[in-house]
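In what follows, a structure is listed as structure tokens, so that the remarks can point back to it.
The values are calculated or read from the model by the stated rules, or taken from the named source; none is laboratory data. All values derive from a computational prediction rather than experimental measurement. Counting neighbours? That spans all protein chains shown, and the Cβs are built from the backbone with ideal geometry, glycine included. These accessible areas exclude ligands, DNA and RNA; they are computed on the full protein's heavy atoms, side chains included. Shrake-Rupley method; radii C 1.70, N 1.55, O 1.52, S 1.80 Å.
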2 protein chains.
Amino acid sequence: MLVDNKHYRTIWFKSESSDKVCIIDQRYLPHQFIVEEITTVDEMVTAINEMHLRGAGLIGAAAGYGMYLATLEAEKDKLFDASIKLSANKLINSRPTAVNLLWAVNKQLNAISKCTGIAGKKTIARELALCIADEDVNSCKSIGINGVKIIEEISHKKNGSVVNILTHCNAGWLAFVDYGSATAPIYEAFNKGIRVHVWVDETRPRNQGSGLTAWELLNAGVPHTIIADNAGGHLMQKGMVDMVITGADRVTGTGDTANKTGTYLKALAAKDNDIPFYIALPSSTFDWKMTNGLHQIPIEERDPDEVKYITGLYNNKLTKVLLTPSDSNALNYGFDITPARLITGLITERGICNANVKSIKELFPEFLL
Amino acid sequence: MLVDNKHYRTIWFKSESSDKVCIIDQRYLPHQFIVEEITTVDEMVTAINEMHLRGAGLIGAAAGYGMYLATLEAEKDKLFDASIKLSANKLINSRPTAVNLLWAVNKQLNAISKCTGIAGKKTIARELALCIADEDVNSCKSIGINGVKIIEEISHKKNGSVVNILTHCNAGWLAFVDYGSATAPIYEAFNKGIRVHVWVDETRPRNQGSGLTAWELLNAGVPHTIIADNAGGHLMQKGMVDMVITGADRVTGTGDTANKTGTYLKALAAKDNDIPFYIALPSSTFDWKMTNGLHQIPIEERDPDEVKYITGLYNNKLTKVLLTPSDSNALNYGFDITPARLITGLITERGICNANVKSIKELFPEFLL
């Protein structure tokens, strides 16, 4: 997508021959656009864990690149296999909720183990890192093409007047390699000339909505309005929301969805007001064997200081301010579970299905028995 | 309630003979405790409108004191009645959603009009201001005594283990003259030795939860944890919430409740997880003639900058930081409507009733026909 009219992905090699991995350090957005160069597995683990980069698809892609860096480090160690395993474990454990991490690392481990010779292992890991990233881009593009039909239909029903879409957190191109999941249908609709307007949940505590999604939409010229997370229910009550699309960090084979904390509340409000509620995801986000989101998906508990402090711009400098009494405790679960019963449909790269085993199986017969 | 072990109300005359009205300027909490002295109606209007003070009960009390100041100003004007009417209008229009404002101003207008002679009008207005404040205190005390029974019952069912109560916004003593509405049963339980713990919704955009409720609970020694507004649904899913109590800004005769934006989302989640959801209110918060909250209660739209900026402590100074791209728009409705069907009960100064006409009428037969 465009940043100041220059095309970017969220992760790339500095050049075709370079081993430096470039990422956009999202901690500085929306105020500063900073590219970080990563050269070690540990730096990549830090970038994932401390959220220089975040989002289901991008975390997966970053793990892919990380595993390439792991082959470079393993070459220097005596014990190649043990070194690779160690790096894989570090990457897998850098964030607990996003299944894409596990998916990408396993894909790499499998490919690396099948290739003989260290040179070959390095080559295949580099190729696969690029391939995982490209696959993410293509999936998101397809999600856009599939999802735009829903927006078109609503636009048609409203005789071409503005379609108001609410989204939570950032499942935009910054959360993937390009296009995004929840935003892909929106960008597609916008590019087709369908009139859309996006309600952007700010998404406390880390404000990925007001910081990242709004920044993306602003760069792309898509009309949008930032709202407090508390506001969405009332907008729905007042008929000001036509549909909800969010991304997902992990979706069970039965359609239960782990996504950024607060998604469940919006799904309840959408249900209460008969508003369609969609989850957009590439199939890498499915955890096929899981059947009960609430009991099986691990929910990350993050630093309480993310609730107690917030960073914003003051005198053109990023400044961290204390919001609470310093002696009060805070608790910070990063995700919640939206039960399948509240989800109108899943928008995937293969098409749209309902959030149940039968319908998911029709699109992905090879994964579900 | 106590601030650094000294007892305070939220509004008082500086001395028995003084015409200066003192309030706690809540914009500086939780970081600084500042008392503001108010001497004119316009200052009181500003204090209400710009939220130096806020909360249903306190706004009512402030309007009561404001009308006393109005009699002092009217005495100086030639046209006493016109001056009083002008002041009344200014006060009524200082905030649109809280019905207590209208209630207190009308009570004063009625008393002032019945009294002959300017000296008498001044005296009655001063007396009535004190009386409205005392009535608020007594109502809140009774709400505590009535509401504690629910907490006691849950504590008993849990064999004395900690009762986890979630609250949204600040319906504490800072929102009233003393004790608070939603917090009154909590303080009462705590003082009786019942083990309680409060989940404090931070309550964006103005953070009355993390700024005011947490500060109150900290000063009173009540165990509490601040959470992002997005988190409550997940805590309920995980069985970590035993009940919800919030305040209200206006309640219809049918039990529909306008309260701080986001309350509706918590009510939906409580319903979805079979968790009792209570509204605590003094009867001055009822708008007896209204029958449909969603269609009849006006919802205040506030400055979008409350969403785009936030104030916190940096280097021991209150500092306002920008959270969003500066060119993005924001929208800021202050309240939402929780339909009666989602409310387990209303805790009032006369007792607890269900959120429907029949049950409300049993407690308040004189207001509902």
Self-check item: From the options A:H224, A:H197, residue that is modelled with pLDDT of 95 or more and touching a Phe, Trp or Tyr at 6+ places or on another chain (Cβ under 9 Å)
Solution: A:H224
Quiz prompt | Check on B:A47, part of a helix (DSSP H, G or I) and either within 14 Å of chain A (Cβ to nearest Cβ) or open to solvent by less than 10 Å² (accessible area, probe 1.4 Å) (or both) | solution = yes
Practice problem: Please work out if A:Y314 is of a type outside the set (D, E), in contact (Cβ under 8 Å) with a residue 12 or more places away in the chain and over 17 Å from A:V99 (Cα atoms). | Solution: no
Quiz item: Is it fair to say A:K238 is without any contact (Cβ under 8 Å) to a residue 12 or more places away in the chain, open to solvent by 10 Å² or more (accessible area, probe 1.4 Å), touching a helix residue (DSSP H, G or I) at 6+ places or on another chain (Cβ under 9 Å) and of a type in the set (K, R)?
Solution: yes
Quiz item: Within the set of pairs 6+ apart or on separate chains, which have a first residue in region B:65-83 that is assigned by TED's automatic domain parsing to the domain that holds B:A129 and within 11 Å of B:Q108 (Cα to Cα), a second that is polar (S, T, N, Q) and not in a helix (DSSP H, G or I), and C-beta atoms under 9 Å apart?
Solution: B:G66/B:S94
Quiz item: Which of the residues that make up region B:180-211 are within 14 Å of chain A (Cβ to nearest Cβ) and part of a loop (DSSP other than H, G, I, E, B)?
Solution: B:E202, B:T203, B:R204, B:P205, B:R206, B:N207
Quiz item: For B:L101, are the conditions met, namely being in contact (Cβ under 8 Å) with a residue 12 or more places away in the chain, within 20 Å of B:E349 (Cα to Cα), assigned to a helix (DSSP H, G or I) and of a type in the set (A, V, I, L, M, F, W, C)?
Solution: yes
Quiz item: Among the residues of region B:232-262, which ones are at the interface with chain A (Cβ under 8 Å from one of its Cβ atoms) and within 17 Å of B:A175 (Cβ to Cβ)?
Solution: B:K260, B:T261, B:G262
Exercise. For A:E37, indicate whether it is assigned to a strand (DSSP E or B) and loosely packed, with under 13 Cβ neighbours inside 10 Å.
Key: yes
Practice problem: Filter region B:212-231 for residues that are polar (S, T, N, Q) and at the interface with chain A (Cβ under 7 Å from one of its Cβ atoms) and give the result. | Solution: B:T225, B:N230
Quiz item: Just to be sure, is B:K90 under 30 Å from B:G293 (Cα atoms), over 14 Å from the mean Cα position of the chain (by Cα) and not assigned by TED's automatic domain parsing to the domain that holds B:G211?
Solution: yes
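Results for (1) without any contact (Cβ under 8 Å) to a residue 12 or more places away in the chain; (2) more than 21 Å from the chain's Cα centre (by Cα); (3) open to solvent by less than 20 Å² (accessible area, probe 1.4 Å); (4) assigned by TED's automatic domain parsing to the domain that holds A:L322, shown as yes or no for each residue.
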{"residue": "A:K122", "(1), (2), (3), (4)": "no, yes, no, no"}
{"residue": "A:C140", "(1), (2), (3), (4)": "no, no, yes, no"}
{"residue": "A:I154", "(1), (2), (3), (4)": "no, yes, no, yes"}
{"residue": "A:N159", "(1), (2), (3), (4)": "yes, yes, no, yes"}
{"residue": "A:N164", "(1), (2), (3), (4)": "no, yes, no, yes"}
{"residue": "A:D178", "(1), (2), (3), (4)": "no, no, yes, yes"}
{"residue": "A:G193", "(1), (2), (3), (4)": "yes, yes, no, yes"}
{"residue": "A:W215", "(1), (2), (3), (4)": "no, no, no, yes"}
Quiz prompt | Whichever residue in region B:1-27 is among the hydroxyl-bearing types (S, T, Y) and open to solvent by less than 70 Å² (accessible area, probe 1.4 Å) and, among such residues, is nearest to B:T319 (Cα to Cα) | solution = B:T10
Quiz item: How many residues are under 24 Å from B:Y333 (Cβ atoms) and open to solvent by 40 Å² or more (accessible area, probe 1.4 Å) if we restrict to region B:96-120?
Solution: 3
Exercise. Give me a count of the residues in region A:51-71 that are touching a Ser or Thr at 6+ places or on another chain (Cβ under 9 Å) and either at positive phi or open to solvent by 10 Å² or more (accessible area, probe 1.4 Å) (or both).
Key: 2
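Here is a yes/no grid of residues against (1) within 10 Å of chain A (Cβ to nearest Cβ); (2) among the hydroxyl-bearing types (S, T, Y):
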site	(1), (2)
B:F286	no, no
B:D305	no, no
B:K317	yes, no
B:T324	yes, yes
B:Y333	yes, yes
B:K358	no, no
B:L363	no, no
Quiz item: If you check B:N273 against the conditions, is it within 14 Å of chain A (Cβ to nearest Cβ), more than 14 Å from B:V357 (Cβ to Cβ) and in contact (Cβ under 8 Å) with a residue 24 or more places away in the chain?
Solution: yes
Quiz prompt | Criterion: open to solvent by 60 Å² or more (accessible area, probe 1.4 Å) and either out of contact with any Leu (no Cβ under 6 Å at 6 or more places or on another chain) or not aliphatic (A, V, I, L, M) (or both) - qualifying residue of B:L91, B:L79 | solution = B:L79
